[in-house]
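Here the structure is laid out as structure tokens; the discussion comes afterwards.
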Amino acid sequence: MDEFIRSEKQIRRKQAVRTLICMALLILLSAVLYGCSKTEETGPAAAAGTGGSRQAEGYGVSEDKKLIVYTSHKEEVYGPIIREFEERTGIWVEVRDGGSTELLEAIGREAGQQTCDIMFGGGVESYEAYREYFEPYRCKLSDKLDDQYLSPDDSWTAFTELPIVFIYNNKLVSAEAAPHSWKDFLDDEWRGKIAFAAPGKSGTSYTALATMIQVLDMDERELMEDFVSALDGKVSAGSGEVVDEVSTGIHLVGITLEETAKKRIAKGADITMIYPEEGTSTVPDGCALVKGAPHEDNAKLFIDFTVSDDVQNLIMDQFCRRTVRKDLQMKTAGEEMKIMDFDLEWASAHQDEILALWSELIR
């Protein structure tokens, strides 16, 4: 772990040298190619919607040293992991980030002509819904993973455990009045005051919605009608924005990930986190090998790396996440949390149906 952290400065120095070399090459290339028209962008940068990307084109990187990753993680999470992977393997990683649902849809559209090797991030119930686009792979450390987080057919590998939590603004909501139950979010008193991202874009929100449906003993359509009504047509741009909106008072309460809430509280956000009294889901996010991946061997190396000792210790120490390794000691605070028996198979099988109903109701 110390080596992991210590190498960050070395990585930055090497990246600075790489940047200078690349700039020099670009200047030379621009002189040679002056007057040539710009070609239309293709590949992962064009295929997966919005977000950032790093391209290896034009830098002379050989195909056996490339890896193309689609990720729904924030740069603060994927950045250190990918930089360390590059440093240790010499593999150049191209990154395309965005919402988990939009990236999975892009992988589906690209079926048969893949430009992506890895999907990294997003709840595994969404992976189950897109399992036909993934190539089964059993990572080398699978025997050290918690059995409850193993894919039945190895179509994905769990990365971290992610409980869903409630949050509220400390200045505008009292501890007594704050929602402690999933059913509280259906009450009229919170109408238009709830921060929640669209489940069609956010895998976190889909997991939260599926959790609410499974926890509450209500007709599915009636529940979703009541919840959409409580939102009053207002949805957040993404799961990360939920905390921003609650902490600034745009909304009073919200539903988000434990990790997101803890990180913002540590940075001074004036919010409080609550574990749902009926219980919450702890669906892991994952990593999966895309079927037809052009750099399959490198993709397998990356999957193995995500569950390695160094990465799993890093996510506990710095990212406020919970490990999926059963042999590593949890270092996150142990608040009382009731875990429900989340039906992953049901959530995956009904995803299209639930998202279609959501789209119908939110209009």
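The values are calculated or read from the model by the stated rules, or taken from the named source; none is laboratory data. All values reported here derive from a predicted model rather than from experimental measurement. Cβ coordinates were reconstructed from backbone atoms using ideal geometry, including for glycine residues, and neighbour counts include every protein chain displayed. To get the accessible areas, we keep the full protein, side chains included, count just its heavy atoms, and leave off ligands, DNA and RNA. Shrake-Rupley method; radii C 1.70, N 1.55, O 1.52, S 1.80 Å.
Per residue, what accessible area does region 191-238 have, given a 1.4 Å probe and all protein chains present, in Å²? Don't skip to the end; give the middle numbers.
Working: 1720 Å² over 48 residues.
So region 191-238 comes to 36 Å² accessible per residue, rounded to a whole number.
First select every other residue whose beta carbon is under 11 angstrom from the beta carbon of LYS300; then total the charges, Lys and Arg +1, Asp and Glu -1.
Details: positive: ARG138, LYS140; negative: ASP117, GLU135, GLU296, ASP297, ASP304.
Summing Lys/Arg as +1 and Asp/Glu as -1 gives -3.
Sort LYS74, LYS140, LYS66 by accessible area with a 1.4 Å probe, largest first. Each step should come with its number before you reach the end.
On the way: LYS74 115, LYS140 155, LYS66 15 Å².
From most exposed to least exposed: LYS140, LYS74, LYS66.
What is the local net charge at LEU223, summed over the other residues whose Cβ is closer than 10 Å to its Cβ (Lys, Arg +1; Asp, Glu -1)? Don't skip to the answer; put the middle values down first.
Details: positive: LYS183, ARG221; negative: ASP217, ASP219, GLU220, GLU222, GLU225, ASP226.
Here the count lands on -4.
Using the Cβ atoms and a cut-off under 14 Å, what net charge is assigned to the surroundings of ASP184, where Lys and Arg are +1 and Asp and Glu are -1? All intermediate terms of the calculation are to be shown ahead of the outcome.
Details: positive: LYS183, ARG191, LYS193; negative: GLU176, ASP187, ASP188, GLU189, ASP226, GLU277, GLU278.
My count for the surroundings of ASP184 gives -4.
Arrange the peptides 149-155, 316-322 so that the one whose residues have, on average, the most other Cβ atoms within 10 Å appears first.
Working: 149-155: 16.7, 316-322: 19.1.
Packing proxy ranking, top to bottom: 316-322, 149-155.
Taking amide H atoms as placed 1.01 Å from N in the peptide plane, list the residues 5 or more away in sequence, or in a different chain, whose amide H sits under 5 Å from that of TRP92.
LYS66, LEU67
Straight distance only, please: which aspartates and glutamates reach the Cα of LYS291 with their own Cα at less than 12 Å, same-chain residues fewer than 8 apart left out?
GLU110, ASP117, GLU132, GLU135
Would you please give the residues with an amide H less than 5 Å from that of ARG138, counting only those at least 5 places away or on a separate chain, with H modeled from the backbone geometry?
For ARG138, whose amide H was placed from the backbone, there are no distant partners under 5 Å.
What list of ³J(HN,Hα) couplings, whole Hz, do you get for region 222-235 from phi and the Karplus terms 6.51, -1.76, 1.60, once you set θ to phi - 60° and write x for glycine and proline?
Computed from phi, the couplings for region 222-235 are 4, 4, 5, 4, 5, 5, 4, 5, 5, 6, 6, x, 9, 10 Hz.
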